[in-house]
Amino acid sequence: MRQIWVGAASTALCFSAVMAAAQQRVLVGNGGTPVAPTGIVVPPLPAGPFTYHTAEGQDIRVVVHARGLTRPWSLAFLPSGEMLVTERGGQLRVIRGGVLDPEPVAGVPAVQVAGLSGLFDVALHPKFADNRFVYLTYNKPVAEGRAGLGLARGVWDGRALTNVRDIFVTTDTSSVSRMAFGVDGKLYVSTFGSVGDNAQNPLSLAGKVLRLNDDGSVPADNPFVGKPGYKPEIFTLGHRSTLGLAVHPASGAIWENENGPNGGDEINVLKPGANYGWPLVSLGRTYPGPWQSKGFSREGFEDPIVYWTPAIAVSGMAFYTGSKLGKWKGDVFVGGMRMGEIPGTGHLQRILFNENMEELRREMLLVDLHQRIRDVRQGPDELLYLLTDENDGVVLRIEPTN
């Protein structure tokens, strides 16, 4: 009887397992990757303003600063008070006093637009008041319909870019790119590394953060200069898809955020010559479901200081250093484009750190607006400005209610 009972129990367990498996949906999407349906309908963004009570007691008002943009990607503030905004479709726009100039800025190089690729970041030279240099990263068309990553520099004449030329081009990689000038005056430029193992290949510029002089040349003190088997432009390696670069206001360190696959978005503090693990180390799952790797904290790789699972599709990052939103001073703000792979769940996140740069808490903001937040910047007026990556994209301004 005992043997019969065990057999019956085993049969029941097997039957239960089969039934449980049968109840799981088989999801098929683009290239075998599950794609979420658009079950959340995102309504048009109302006129606003929108008022919020937040966790730190910082009451805010969110104002639509400017409308009329199409998939805006990055913004930069001119000393004159104007705002330069890139659109993924290849246009550079200017906003004056909250009004979008209907004519795109002339002088932008030809951009290859495909999927999420196009015109990316815009940045001003640290000595812009003297040289008027504006920098752009973009998806550069190359031979036979392929694309590479271009870094262009032009001179702003008040209405257009002049004397525009590429100061750095690589055909190793294309797709997304961010850039930031460090306190050392060097230009840090990220490259896309999601494909294959190129992020770990020191002879490829894919999946790296590069360190360049302001003319696109290689600084003599880069960590891999003169080292056989390494590209001299590399500052750090092992990155997947960098969507944010920001300079820590006290230490001067470059902070980087990047998208994981299905989970595992992260913030890293960059160290010269360090390896951040992709695709060997990740806290994300592959899009079909299995884990990308078995966790992190592996010898030879740097751990992130913040990670997200589920992912929020991080994009854009800024330290708040002003006093107008005083209860947020020192906090890090990160844009999110969707949470847990669900469309219509974009928002802004605020992260509070202690003096050792250890995370204490984080807060989700503007969730009810359902907007993809592509970029976040502190303006010269000490307010926060956001870009919504939508077909009817806007600039949002966060100010105190008082």
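The values are calculated or read from the model by the stated rules, or taken from the named source; none is laboratory data. Values in this document were obtained by computation on a predicted structure and should not be read as measured data. Using ideal geometry, Cβ is built from the backbone for each residue, glycine included, and neighbour counts are taken over all protein chains shown. Please note that ligands, DNA and RNA were not included when accessible areas were found on the heavy atoms of the full protein model with its side chains. Shrake-Rupley method; radii C 1.70, N 1.55, O 1.52, S 1.80 Å.
Can you work out the PRE-style zone for residue 298? Point 7 Å along Cα to Cβ, and I want the residues of the stretch 260-281 with backbone N under 13 Å. Only 275-281 fall inside the zone, counting backbone N under 13 Å. Taking Cβ atoms as reference points and 15 Å as the exclusive limit, the residues near residue 97 contribute a net charge of +1, counting Lys and Arg as +1 and Asp and Glu as -1.
GNM on the chain, alpha-carbon springs under 10 angstrom: the most fluctuating residue among 103, 87, 256 is 103. Can you figure out the FRET efficiency of residue 53 with residue 381, using R₀ = 22 Å and their beta-carbon distance, to the nearest 0.05? My answer for the efficiency is 0.45. For the set 124, 84, the ranking by accessible area, highest first and with no ligand, DNA or RNA atoms included, is 124, 84 under a 1.4 Å probe. Per residue, the average separation of C-alpha pairs within less than 8 Å and at least 6 apart gives the chain a relative contact order of 13 percent. The magnitude of the dipole of the stretch 182-257, with charges of +1 and -1 set on the Cβ of Lys/Arg and Asp/Glu and taken from the Cα centre, is near 180 debye. Overall, the accessible surface of the chain at a probe of 1.4 angstrom is composed of carbon and sulfur to the extent of 55 percent. In a reduced charge model with +1 at each Lys and Arg Cβ and -1 at each Asp and Glu Cβ, the chain shows a dipole moment near 580 debye about its Cα centre.
With the whole protein complex present, residue 291 retains an accessible surface near 140 Å², based on a 1.4 Å probe.
At q = 0.12, 0.17 Å⁻¹ the log10 of I(q)/I(0) for the stretch 98-242 amounts to -0.49, -0.96, computed by Debye summation with a single uniform scatterer per C-alpha, solvent ignored. Remark: relative contact order (the stretch 33-149) = 16 percent; criterion is Cα-Cα distance under 8 angstrom and separation of 6 or more residues.
So for the chain, taking the charge dipole from beta-carbon charges (+1 Lys/Arg, -1 Asp/Glu), which of 107, 138, 283 sits furthest toward the positive end? Going by the charge dipole, the pick is 283. With a simple spin-label model that places each label point 7 Å from the Cα along the Cα-to-Cβ direction, the separation between residue 392 and residue 144 comes to 4.4 nm.
Calculated accessible area for the chain comes out at 44 Å² per residue, all protein chains present (probe 1.4 Å; ligands, DNA, RNA ignored).
Using 0.36 nm per residue and subtracting the Cα-Cα separation, the extra length available between residue 361 and residue 155 on full extension is 70.0 nm.
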